[in-house]
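The values are calculated or read from the model by the stated rules, or taken from the named source; none is laboratory data. In this text, all values refer to a predicted model and were calculated from it rather than measured experimentally. Neighbour counts are summed over all protein chains in view; Cβ atoms, including those assigned to glycine, are modelled from backbone coordinates with ideal geometry. Side chains included, ligands, DNA and RNA excluded: accessible areas come from the protein's heavy atoms. Shrake-Rupley method; radii C 1.70, N 1.55, O 1.52, S 1.80 Å.
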Amino acid sequence: MALSLDGLPETPAPAEAAPAPVGRRVRASLVFVRGGGTTVLSRQTVPYPFHITRAFRMHPESPDLATLYLQSASGGLYAADHLTLDIAARAGARVHVTTQAGTVVHRGGPEPTRQETRLTIAGDALLALNPDPLILFPGTHLAVSTEITAEPGARAIVTESVACHDPLGQGRPFDQLELGLTIRTPEGRALVRERGRIDGAAFTAAASPMGSHRAYGTMVVLGAPADERLAGLSLRQAADAAGCLTGVSPLPNGAGLGLRLLAPDGGALSAGMEAVFRIVFEALSGCHPGRRRK
């Protein structure tokens, strides 16, 4: 026992709380323009942990359409990260942005791991953004937000998906998931606002609103032409064939189409999302999506 100078027992100092994790604050920016009869990446700011490939030409029938892969150089998203990605498709640009694999989201803490995506699309541009799923590890606290500013006539396909994974196979859930979507006009008028939040325990519980499904995906389609391939039945059949449960509905204020997919796991979700994306991409671009082997 430690004694103070007056002979009395010392009062132990209160234990200090562990400092909250400080994550990375990083913003990346990509600007696509039309030049020389094709789509080029005219400006880029890609700090660590973001990484990109060069723009590929994968569509012989549409040589003006560029395909670019986003990559992570750090092994995923970590506690309290706040990563922002800005993509602009200027007049006449046609671009497909995707990833080479799913992104792991590691255990978090009180401060959520944040991923923000901000898209700006000109009236005669096409932007397709379909990353592979975010893989939620046990203890993940993730907040995802997507903001789309689209001029009249803009065409876009924007997907977002998450899947649960416990490396130990013990069924441990993520901590909390927040999803947000905003679609607005260049003048700032909101056409669509959507917010959702669910705890991991509720997500995986017997009474879960997701049922037995452990993976969830959404797709937003703007500027879709009148095409029978985009009828709800056709899209549902394509995703259902991959093992997904699919819903298709118009977005508010005539903004476009919204799709939601549930799947038992990330593999089935990826297959269903890919099947639907292929149909929608062909309807909007006039060609099949070109993909490098992952």
Residue ID - modelled with the highest pLDDT, chosen from residues in region 165-175 that are open to solvent by 40 Å² or more (accessible area, probe 1.4 Å) and not small (Gly, Ala, Ser): 175
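Residues are listed down the side, and each one gets a yes or a no for (1) exposed (fewer than 12 other Cβ atoms within 10 Å of the Cβ); (2) under 16 Å from the mean Cα position of the chain (by Cα); (3) closer than 20 Å to residue 162 by Cβ; (4) in contact (Cβ under 8 Å) with a residue 12 or more places away in the chain:
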{"site": "192", "(1), (2), (3), (4)": "no, no, yes, yes"}
{"site": "195", "(1), (2), (3), (4)": "yes, yes, yes, yes"}
{"site": "200", "(1), (2), (3), (4)": "no, no, yes, yes"}
{"site": "203", "(1), (2), (3), (4)": "no, no, yes, yes"}
{"site": "211", "(1), (2), (3), (4)": "yes, no, yes, yes"}
{"site": "216", "(1), (2), (3), (4)": "no, yes, yes, yes"}
{"site": "221", "(1), (2), (3), (4)": "no, yes, yes, yes"}
{"site": "224", "(1), (2), (3), (4)": "no, no, no, yes"}
{"site": "228", "(1), (2), (3), (4)": "yes, no, no, no"}
Among the residues of region 69-92, how many are open to solvent by less than 30 Å² (accessible area, probe 1.4 Å), more than 23 Å from residue 120 (Cβ to Cβ) and of a type in the set (Gly, Ala, Ser)? 4
Output the residue which, of all residues in region 93-105 that are open to solvent by 20 Å² or more (accessible area, probe 1.4 Å) and in contact with a helix residue (DSSP H, G or I) (Cβ under 8 Å, 6 or more places away or on another chain), is modelled with the highest pLDDT. 94
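The rows are residues; the columns are (1) surrounded by 19 or more Cβ atoms within 10 Å (Cβ to Cβ); (2) touching a Leu at 6+ places or on another chain (Cβ under 7 Å); (3) of a type in the set (A, V, I, L, M).
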{"residue": "112", "(1), (2), (3)": "yes, yes, no"}
{"residue": "115", "(1), (2), (3)": "yes, yes, no"}
{"residue": "119", "(1), (2), (3)": "yes, yes, yes"}
{"residue": "124", "(1), (2), (3)": "no, no, no"}
{"residue": "128", "(1), (2), (3)": "yes, no, yes"}
{"residue": "138", "(1), (2), (3)": "no, no, no"}
{"residue": "145", "(1), (2), (3)": "no, no, no"}
{"residue": "148", "(1), (2), (3)": "yes, yes, yes"}
{"residue": "157", "(1), (2), (3)": "yes, yes, yes"}
Those residues of region 22-54 which are free of Cβ contacts under 8 Å to residues at least 60 places away in the same chain, within 23 Å of residue 115 (Cβ to Cβ) and either touching a Cys at 6+ places or on another chain (Cβ under 9 Å) or of a type in the set (A, V, I, L, M) (or both) amount to 22, 26, 28, 31, 41, 46, 52
Among 184, 114, 118, which is of a type in the set (D, E, K, R), at pLDDT 95 or above and more than 16 Å from the chain's Cα centre (by Cα)? 184
Does any residue in region 172-190 that is at positive phi come within less than 9 Å, Cβ to Cβ, of a residue that is polar (S, T, N, Q) six or more places away or on a different chain, and which pairs are these? 188/149
